Structures are given as structure tokens and as C-alpha cells.
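Here is the structure we will look at, set down as C-alpha cells.
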Amino acid sequence: MAQTTALLRAIFGSLYFSVIVCKTVKIGVILPFSGDYPWVLPKSKPAIEYALETVRNRPEFLENIDIHVEYADSNCSETLGPLAAIDMKESVHVFIGPACDYAVAPIARFSYAWDIPIISGGAMVGAFENKKEYKLLTRVMGPYARAGDFFFTMCQNFQWNRVGLWYHNYPPGSTKGKSNCFFALEAIYMKWQTMYGVEVWNRDFDEDNVRPGDHEKTLLQAKENIRVIVLCASPDAVRNIMIKAHELNFDNGEYVFFNIDLFSSKNASERPWYRENDTEERNDKARKAYDALMTVTLRKPNSPEYRMFSEEVKKRAKTMYNNFTYGEEEVNSFVGAFHDAVLLYSLALNETLEANISISNGSHITQRMWNRTFEGITGTVSIDANGDRNADYSLLDMNPENSKFEVVANYYGNKKKYEPVVGKDIHWAGGLTSPPPDTPTCGFDGSKCPPEEPFPEYGIVIIVLGSIILIVLIAAFFIYRHIKLEAELAEMNWRVRWEDIIFGSPEKNHKLERQGSRVSLNRVKLDSNNLYLSSSVFQGAIVAIKKIDRHSITIQKPLLLEIKRIKDLQNDHTVRFIGACIDPSNLCVLTEYCPKGSLQDVLENEQIKLDWMFRYSIMQDIVRGMTYLTGTEIKSHGNLKSTNCVVDSRFVVKITDFGLHHLRSQTEGPEEDTFAAYNRKLWTAPELLRMQHRPPEGTHKGDVYSFAIICQEIVYRMGVFYLANLDLSPQEIFDKVKNGMKPYFRPTLEEFDCPCDELAGVIRKCWAEDPLERPDFPALKSIIRKLNKDGDKGNILDNLLSRMEQYANNLEALVAERTSDYLEEKRKAEDLLYSMLPKVVAGQLIRGESVAAESFESVTIYFSDICGFTALSAASTPMQVIDLLNDLYTTFDSIIEHFDVYKVETIGDAYMVVSGLPVRNGNLHAREVARMSLALLNAVLSFKIRHRPNEQLKLRIGIHTGYVVAGVVGLKMPRYCLFGDTVNTSSRMESNGLPLRIHVSPQTKEVLDNFGTFDLELRGEVEMKGKGKVTTYWLNGER
């Protein structure tokens, strides 16, 4: 390529012939051979060698150039480093390194006199920006000044212009000079002084000589001057400062800390607060303190190329230095910078040589390195006009969910732009949602807020008088309520006279006739065994009456208060209290009448069909009613069972027989040793059964147990405490439940009898032996709602039942009829879907699952059409053609039902069938299609065309075996389609066949030969479009 370019130049340019001569470039690398420096030679040399290989292998860098590298130890010394450069100056064209500031300075001064460029991956201090002194110095690592630019831009974004600096530095007179933190924060200091002309608050300390109380003293000084504090020190020193800040409550959201940590690895910067060898208490303090700290660091490359580069460098380092361990997840930024230094020099040298300028012209090469951008291993490398890299920086903040620091913003040096990371927010300390101000509202000393004036005397008078008036009003309110309550209690408007209750048929009551209700007189005698009289009427409304088995009732205040509480209850799922009759010999309670009877009656009535939506609704109604009761002063039911849950005309279940314990008898019902008494206790929780004197109001958790027993009734509809394959009397069940022996005795409940496993799990939790393990009704309300998603979407059922009641009272029959219609339509819809799609695929669609395309290694496809169909169609009417195809394909459809095949589609006179999908059947697919083809061919021979009975229908059949992909295509009218070359080949077999013959491909013949029962005749080679010559066979029959 270079020779061709030279030849073209010779002909079309200056008309001279140039001979390419191989030149030698000598690179002098001056780095410390040992030490804790991040740019030590064992770390950097593999990267430099890697870069040299890139330069040698890629012509856009250097072509026909021989590269030699010399290495010298700088010792990071201002004396030994320059001596190494002096030793090399006569033999090298460029210096790569040093990186230590004190070693770079003298060499960078001398290099101009030697005309040798110097490229450093360090030298980050601000002094090196003076290129009048350091004329040939190029810095490929972002100088500290760029970090200052980033920090200034970020503070502008947060509207801060006042910051403080707190950093580690060596004590005066130290031989170590100034620390890196001094130079790093010097950039921020100078930026603030340049932009605002103010002195920045700053404090330094020697982290190797920190006395107790030093950090606390500095923090208290900072409190009087700043709110944004910039830290720079070792990770342990910063952690100690932050722990002390936490102890002084500096992490309350008023202060913001920044840690300038440019060079830490990704792992070290993720959890800087954690120390494995520290106590849990101090780690917890550090984690809380670091909520107020953010980290400024160089942006870490994350490209796959950089990761591969890191692995290669570490591998080479291990090979070059036997006892050297890298110890980092990825190589540090300095190592990548020295790699990119080689690329930068190579690019500039290549352009210099192309311009026919000497390789020893260091000044010219340096100018070509400046003010240019290229893609290096560390990303986009942008060198400004002053020979310094525009570095990129990242801002890290701790994620409170995982306590790890994550990148929340980036600063791109070449664009001078601060950009937050999309989807990442800064978590400000103290729960703030925005940055705190850099200056308190009242100033650091409170001088910006005026002093509080003494509260005026008239204000005190107003407050006292207002308080007295308020107390009087509150007292008057409570007195009024008390008087009103006493008046309501004394009024006893709940009391019903026996004479006001009407017993009789609706024909004798004109009010009921006008309402259109039909009531029959079933029972008129009140006794303790009959819970309700279904035909009693009070004040024009049908009411339910329950007998109170007591001789007399003494009216006392607790009784009146309890009746008032019950009367004030209003809920759709609790029976409304009407009143009570306390006339001697006629003691009873009147409540809202529910014509469908008790829930037990509904469940034991086999004529009433209840699907699971109805059953869930019943459970949900009970839970809603009990949730309401538990939220009132009633708190609990105490006698919850299916006979105390009644069903109204709209099939809404309501809770009844709660409260009024002062009114009811203490020994209701039959004696304790009767069958009925034990049967009545089958709903009672075991802890209540064990009580000698259980409270009549029961307990909340006891009601949850009773609800579980009712749910089991709803699941099986076999009566209370149904036990499969076990016949026990109520007394035996009572004894087993009361004893509480493990395993705890409970009614039968199997997962497969429930619509979902979750319901069985909920019921078992509700009847747990330990009351504390049972959920409460508010929690059950949420659980049952999730289980009853379909039935909890509105009042569709209520509207349906209301309309049905207008035509007949026999709601059960109509529900059964509608349910039957629904199931029939559902069956028809499913049959229609099964006729369009395979049952397996249709089942997936019905369940709402997505149907993924599937590949099948071996299936057999059948194609057939009618020879002469076009001519026959032209000579027939459209209706005759339709009748012909309908008769033919109806015959075909009835035949293929006897084989393991799937009808794919019919297009005109073409008929396509496949075997071996969607359910694989091994190699049987070829046998099934072959037998089906013979059966169809026999049927065609006897098939009669209605309008042309004397004509023989000529069917042409082709079959082929191979690989296909099948799947559902489309949303509207979805079709199960086959794709692959096998489909095309099957069609070619049909189109190249003969009338009334079955044309078989060699692949199908090979499979059929395994069965040994088919009569196959060699046809010979057939020229097929797109296939060439294919040897095919005729299928004559089966032996």
C-alpha cells in the first residue's frame, strides 16, 4: 500500500521516484522499577509492549518503522530520574515517562534543549500547565486542573459557590514535599479564587499523626464556615473523618461531603465504608455517615476492549515477572494512559514522516500530538491545544438499597459538560429530595435572621381566652351527646309490640300485594327450635323473627347501650336489626328477612348449582361482613356458622345473630349432651371449647376458625365438618378437636378439590391450632379478593339477578339454565378453536399462554389437488363448485380422523395434511400419512360429483418427509402454519405426480421401508423445479 502511494506521488505529484527506507524509532521508558506506585514498571511495561504490537500490526500508526525500546529506572527521584534521561538522550527519540512529579519537572525542562518529546501518564500537578517552561511535555492523564473544572461545573449545577477543603498533606520540612491531595485540591482552590476572587476555607492534616480530638475540632470549625466539604486523604483517613461526622450529626442532610478519590479501583470504590477487620458498630456508623458523602473519581472505561486489554496486561505481567501479582480487577488508569501514550506518539510520528519531516524533530512531533482526538484503549483520548488531556470524571453516590456506590453523573472533558446518568438519582442525606444550600438561611452565625421579639401580652390573653372557650365548647358537645344518648335510650324506639306483627298469607295483606311479594305462612308458633318465621310482617316489611328463650327481660343501661350499637350498624353484609319484642311469653328479636334462607340451606340444596365464582363471592361476603364487625364496638361474633349466615334475594350473604348478649339467653338451644348441642359446636375454635366458661362474644381469632369451617362446607357442600371415608358422630368430632392432640383433627381438605392451592392454604391457616398463626379478617379480605379476581370486577351478578327476579322467583333454575348455556357456548367456541388449531396449541391460547414457534426434525406432509379442476370449475356454477369441494373435503375430514394427522389447510382444490406435529410420534408419521393417502385415494375412486355423476374425480397426491418449523401466525384469525423447504418439496411431489397415484419422495420411502409393509414402485428420476433430478416412487398399497 505504501509503495503504491509513493508511486502515485512520483507520477502525479512532484514527479520524482522515492525509495522507501526502513527507519528505526527508539523509545525511552523512564519509570520506577519497584515500589507502591500505580505506574510501576511491572504494571506499565506489559501495556507498553501491548501498544507496540498494535502499532506494528496496524499500518495507520507506523509502517516500515523498526521500533526499539529502552527502559530506565526513575526511582521516582528528582535526582536519579533526570540522570536516567541524560544517559538515554543520545539514543532515543521520545521519552515515555516519568510519572512522578518531581522526576518529570527537570526532564521536561531539559527535553526542549534536547528536542526530545516527553509523554507522561502522570505529572498531574498544575505547574505543568506552563508550557513556556515545559515546552515538549504532553500529558495523557487528566491533570488535577480538569478535576477542578469538573467539580466547579458540578457545584454550579447544584447552585453552590461556597466550599471548604480538608486534605492530607505532609508536615512542613518533610522530605516528601507536597502530597498528591495538596495538588488535587489546589486545582479546586485556584478555580474558586479565579472565578469568585475569594479565599477558600481549607485545612490540612498529616494522616500519619492524627491526635484524638483533631477531627472533631476541624469539623466544629467547618460548621461555622461551610456546608459543602471536599475531602482528600487515604480511604481509612476519610472513613475516620466520616465516622466522627456521624457522631456529631453532620449526616443530617445539612452538610454534603465529597471525597476526591481519582485512582481507586472499581472494587475499592464500591463499599469504601466497610472494613472486614472492624467492629459491626463502626461499620454501621460508617455506612450511615457515607450517606452524606459522594465520590469524585476518574471515569472508569467499561468497554469489552478494555476488559480484554486488562486481562492481557495481567497475563503478560505474570509471564514477565514471576513473583509479581497484579491484584486488581482491572488495570488502573495510569497503565491505560501509558498504552495510549505510545499510540499518540505513533500517530503524530506517522504524520510527521508523511510530511517528510525528520524523525528527530521533537518540536514538530509534539505539535502534532497536541489538539487532537483519537480512540485509545481508555476510550476517546482528547488532547487540548496545551498538550493536556481532557479527562472524563464520574460522580459516585451510595445506593441506600444495597449500600454500594454507583455512578450517578459523568463529566466529559472534551465537551466540558456535566451529565446525570439516566435512571440514577442522587440520594441526599436526611431524606432530602434536592441539594441543601451552601449557606444556612440565617447564616453561619444566625445574623441574617432578625431576633425574636417577646410575645405580646395581648396574645397571651387571646390564647388563654380561646383555650377556655374551646374547652367549654368541647365540654358542651360531650354533654349534649350524653343527654341525646340518654334520651335515645329512654325512648326505646326499637321496642316492638307483639300485636304490631302480622302473621298471615299475602292475600290478606294489601300492602304486601302492592309490593308484589309472595309470602306463604309456614310457621306461626314461636319455639326455640325454629330460628326464623319467614312470613312475619312488621310495618309493611317482611321480617325474620328469632325466639329469645327467656321468661322475662329486665331493661338495664348495658342492654340499652348494646341494642343502640346493634341498631346503628349499617352494612351490605350484616343483617339489619329491626327491633325486639320484650312482651312476656313473646320474647323475640326482629331482623331483616333474607328469603333464600341460611347459607347451610343453600349449600345442601343440590338443585342450586354454584360455580367457583359464586363460592368465592360467598366467602368474600362473609369476610366483608366480619371485617366490618371487627371494626365496630362489636369486635367479634362468637357464634359464626353457616346457619348464622343468611342469603338475600340477590344471593348476597349476610351475617346475623351477633351481639345482643345481654338480651339472649345464656343457655340457648338444646342441652349440652344432645346430638344437636355437639353439632352446634362443630364451628367453635378448640381454644374456646376448652374454656369452662367461654365468653358469649367469643374472640376474633375464634371467628376466623369458624370461617375456615364454613369455607370447607362451601368447598365440599357435604355438611359441616365433612370427613371423607370416616363416619364420626358430632360428639366424637367434638372430643378430638377439644383434645388438641397432634396431628390436629380437622375436616377433610384436599388441594385437588379446590380451584387453586392458595385457597387450601388459606383455609388451613385459618383453622391453625395456635390462634396467633391465624390471619385476621382485614388480611383475609385482601387474600380472598385476589383469589376472586373474576368475581370482584363490578356488580354484573347483582344486575343479572335483579332482572331475573322480575320474571320468576326460581332464581336457581334460571342460573342453572344460564350456566348451562354458557358452558354450551364455551364448548362450541372451544370446538371451533380446536377445528382451526391443534388441541395442544389451542389449549395454550385458552389458558392465556404465548405459543412459541417450534422446530420438528422429522414430519411427513401430504399435498393433493384435483386434476382438471380449473376446467371443471369453468364448466360449473360457483354453487356447484362449492358443493363439490364441500362434499369432497367432508369425506376427507371424516377419513383423516382415524389417523394421527393434523389438517393444516385447504386452498381451493388443494388439501394439506401433516403428521408428526404438534405432538411428535417418532417415525410413525410416514406410516400414518401413507395409510391416510391410500384411504383417501380409495374414497375418491367411489366419490360421485353431484352435477356430473358420470365423471371420475382425479386426485393427485404427493408426500414428503423432512424438517419444518411450526407456529401460530397472526392475531386476528390466527393460523397454525408450517415453514421450511419440506413444505415446498411436498408441493413439488404433488405437482409432478400423476392422477390417481401417490407420489413418494426418497426421504419418505426410506422411513416407510422400516415398516416393511408398503408396496413401493420405483418411478425413476424426475426433474423438479429448484431441486434438479430426484429419484421418486409410487405408493401402490400396503401388504
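Quick one: grab the alpha carbon gyration tensor of the range 613-734, order the square roots of its eigenvalues as a ≥ b ≥ c, and give me rounded if a/c is under 1.5, else prolate or oblate depending on whether a/b is larger than b/c.
Oblate is the answer for the range 613-734, as a/c is 1.5 or above yet b/c matches or exceeds a/b.
Using only the alpha-carbon atoms, how far is helix 333-354 inclined from the longest principal axis of the chain? Give it as 0 to 90 degrees, nearest 10.
Its long axis makes an angle of about 50 degrees.
Let me make sure I get this right: for the range 315-474, a, b and c are the square roots of the gyration tensor eigenvalues over alpha carbons, sorted descending. Under 1.5 in a/c it's rounded, otherwise prolate if a/b > b/c, else oblate. Which is it?
Because a/c hits 1.5 or more and a/b exceeds b/c, the range 315-474 counts as prolate.
Amide H to amide H, which residues 5 or more places from Ser536 or on other chains are under 5 Å from it, using H placed in the peptide plane?
Hits under the 5 Å cutoff: Val543.
If you look for lysine pairs in the range 263-398 that are eight or more places apart or on different chains, how many of them have Cα atoms under 22 Å apart?
7
So how far apart, in nm, are the two label points at Ile86 and Gln556 if each is 7 Å from Cα heading toward Cβ?
Those two pseudo-labels are separated by 11.5 nm.
In debye, nearest 20, what is the charge dipole magnitude of the chain about its Cα centre with +1 on Lys and Arg Cβ and -1 on Asp and Glu Cβ, if you could check?
My answer is approximately 1360 debye.
Could you order the peptides 542-548, 878-884, 860-866 from most to least packed, using the average number of other C-beta atoms within 10 Å per residue?
860-866, 542-548, 878-884
Here are some pairs, Lys546/Lys681; Lys546/Lys635; Lys132/Lys176; Lys681/Lys789; Lys43/Lys244; which of them have Cα atoms lying more than 30 Å apart in this structure?
Beyond 30 Å between Cα atoms: Lys681/Lys789; Lys43/Lys244.
List the residues, sorted by chain then number, that are 5 or more residues from Asp204 or on another chain and whose placed amide H is less than 5 Å from its amide H.
Sorted by chain and number, the residues that satisfy this are Tyr167.
For a quick protection proxy, order the peptides 337-346, 492-501 by their average other-Cβ count within 10 Å, most packed first.
Ranked from most to least packed, the peptides come out as 337-346, 492-501.
Where the centroid of each part is defined by its Cα atoms, how far is the range 901-931 from the range 24-78 in Å?
70
Considering only C-alpha atoms, what is the centroid distance from the range 986-1039 to the range 224-238, in Å?
87
What order, most packed first, do the peptides 467-479, 594-606 have when packing is the mean number of other Cβ atoms within 10 Å of each residue?
594-606, 467-479
How much length, in nm to one decimal, is gained on full extension between Met308 and Asp425, taken as 0.36 nm per residue of separation minus their Cα-Cα distance?
Length difference between fully extended and current span is 39.0 nm.
Show which aspartates and glutamates lie in cross-link reach of Lys89 when reach means a straight Cα distance below 14 angstrom and same-chain residues fewer than eight apart are skipped.
Qualifying aspartates and glutamates at Cα under 14 Å: Glu70, Asp115.
Which entry in (i) 1.00; (ii) 2.24; (iii) 1.53 matches Cα Rg over 2.2 N^0.38 Å derived from the coordinates of this structure?
(iii)
Where both partners of a DSSP beta bridge lie in the chain, what percent of those bridges are antiparallel, to the nearest 5?
65
If you average the C-alpha positions of the range 362-414 and of the range 607-665 separately, how far apart do those two centres end up, in angstrom?
Here the answer is 71 Å between Cα centres.
Which shape class, rounded, prolate or oblate, goes with the range 849-1038 when its Cα gyration tensor gives a ≥ b ≥ c as root eigenvalues, a/c under 1.5 marks rounded, and past that a/b bigger than b/c marks prolate?
In terms of gyration-tensor shape, oblate.
For Lys738, list the aspartates and glutamates whose Cα falls under 17 Å from its own Cα; do not include residues on the same chain fewer than 8 positions away.
Of all the aspartates and glutamates, those that pass the test against Lys738 - Cα under 17 Å, at least 8 places apart if same chain - are Glu672, Asp673, Glu687, Asp703, Glu769, Asp770.
Each residue of the range 869-884 in turn: what ³J(HN,Hα) in whole Hz from Karplus with 6.51, -1.76, 1.60 and θ = phi - 60°, glycine and Pro shown as x?
5, 4, 5, 4, 5, 5, 8, 10, 6, x, 5, 5, 5, 5, 4, 4
Student exercise: in the range 849-1038, how many lysine pairs 8 or more apart or on different chains have Cα atoms under 29 Å apart?
Lysine pair count for the range 849-1038: 14.
Coordinate-derived values only; no laboratory data. Remember, it's a predicted structure, so these values are computed and weren't measured experimentally. For neighbour counting, all protein chains shown are included, and Cβ atoms are generated from backbone atoms with ideal geometry for every residue, glycine included.
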